[in-house]
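For reference, the structure is listed below as structure tokens.
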Amino acid sequence: MSADAAFRVLDAGTRAFWRTVGRRVDLDGEHAWLRAPAAEAGAIGPSWLDAAATAVGGTVERGGERGLVPHLSVLDGPGLDTGRLDARVREFYEHTDRWTMDAWSSWSPLFQPGGMLVEHLFGRRLQQLALPVQPLDVSHGIDSEIVGIVDGDGVQVAAAWLRRLRRTGQFLFSGAYAVRSLPGADRPSVHVTFPLEKGNVQVFLRPEARPDGALVLSSASRAFGGDGAYVVVHGPAGQAWAARTPISEGFVVHVDDAGELRTDHELRVGRARALRLHYRMTRSRP
């Protein structure tokens, strides 16, 4: 069996696993909150952008000044006033393309072998969800591009954030960022979708504002329908399955004592911490 054929079997088996442990969902009805971009076979990168724009009757827009959200106030709700956040935190989300990023990673020794396996079997090949395993992988920095997905009225419904290793040009993450309300939630969540072949990984993050002006985003493990990480698999005739994963994430976007904008990112599997990432964001233009 050729390597390509073996990888096709691996990918099909992975989708079959998530169908088995997941539940049937109606993406056009009860579970429309899980409707999000998917990709075709092969490397992911930006391959899903045109189809995502077509799905909302819109277009892909590059250039200009763009952020992950046009206005961070769309997250406001009971218990959250984004006007309390530090102005630099708000600027990062509303004008993300003004900033460059440096990153550092630290894996738990228990989970690093698994991270290396996932990176080798999926991340590098698919150029998606390629979590850096070695600190030197990101030592030359990360290049990022913000691409707008706008509807027929020219309103940005999502922003594609494409991140690549500066040293190699390889995609690390290719995600759609939007704001979406979960069933019964008192305020919106940050919704991040990482398209995959015939499906996606989705993360819903609940926002909080700290007294010092930092933004905290968390996806604590909760019941199906709450904030957290989901795998969605598409099948024939519009069928779909979704499964909660045991992965939770936390982000703290803050300004340090030296006035630099930074992000602390922690990924846990169950209760165990698997990976820590630290980002320093620098404004590249006014």
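The values are calculated or read from the model by the stated rules, or taken from the named source; none is laboratory data. Since the structure is predicted, the reported quantities are computational estimates derived from the model, not experimental observations. Using ideal geometry, Cβ is built from the backbone for each residue, glycine included, and neighbour counts are taken over all protein chains shown. All accessible areas refer to the heavy atoms of the entire protein, side chains included, with ligands and DNA or RNA removed. Shrake-Rupley method; radii C 1.70, N 1.55, O 1.52, S 1.80 Å.
Restricted to region 104-121, and to residues there that are in contact with a helix residue (DSSP H, G or I) (Cβ under 9 Å, 6 or more places away or on another chain) and open to solvent by 50 Å² or more (accessible area, probe 1.4 Å), the residue that is modelled with the highest pLDDT is Ser106. Residues considered: Glu40, Glu30. Of these, the only one that is at pLDDT 95 or above, acidic (Asp, Glu) and exposed (fewer than 15 other Cβ atoms within 10 Å of the Cβ) is Glu30.
Rundown of residues vs (1) more than 17 Å from Gly226 (Cα to Cα); (2) part of a loop (DSSP other than H, G, I, E, B), yes/no style:
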residue	(1), (2)
Ala6	yes, no
Val9	yes, no
Thr14	yes, no
Trp18	yes, no
Leu27	no, yes
Trp33	no, no
Ala36	no, yes
Ala41	yes, yes
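Whenever a residue of region 15-34 is closer than 13 Å to His234 by Cα, its partners that are among the aromatic types (Phe, Trp, Tyr) and at pLDDT 95 or above, lying with C-beta atoms within less than 8 angstrom and at least six residues away or across chains, give the pairs Trp18/Trp241; Arg19/Trp241; Gly22/Trp241; Arg23/Trp241; Arg24/Trp241; Val25/Trp241; Leu34/Tyr230. Restricting attention to region 63-90, the residues that are buried (at least 17 other Cβ atoms within 10 Å of the Cβ) and either on the phi > 0 side of the Ramachandran plot or in a helix (DSSP H, G or I) (or both) add up to 6. Which residues, counting only those in region 190-220, are of a type in the set (Ser, Thr, Tyr) and in contact (Cβ under 8 Å) with a residue 40 or more places away in the chain? Result: Thr193, single match. With respect to the stated conditions, Val60 fails to be crowded, with 19+ Cβ neighbours inside 10 Å and either β-branched (Val, Ile, Thr) or modelled with pLDDT under 90 (or both). Could you look through region 124-142, keep only residues that are in contact (Cβ under 8 Å) with a residue 24 or more places away in the chain and not in a loop (DSSP other than H, G, I, E, B), and pick out the one that is surrounded by the fewest Cβ atoms within 10 Å (Cβ to Cβ)? Step by step, filter region 124-142, then rank; the result is Pro135. Scanning region 238-266 for residues that are of a type in the set (A, V, I, L, M, F, W, C), open to solvent by 20 Å² or more (accessible area, probe 1.4 Å) and part of a strand (DSSP E or B) yields a count of 5.
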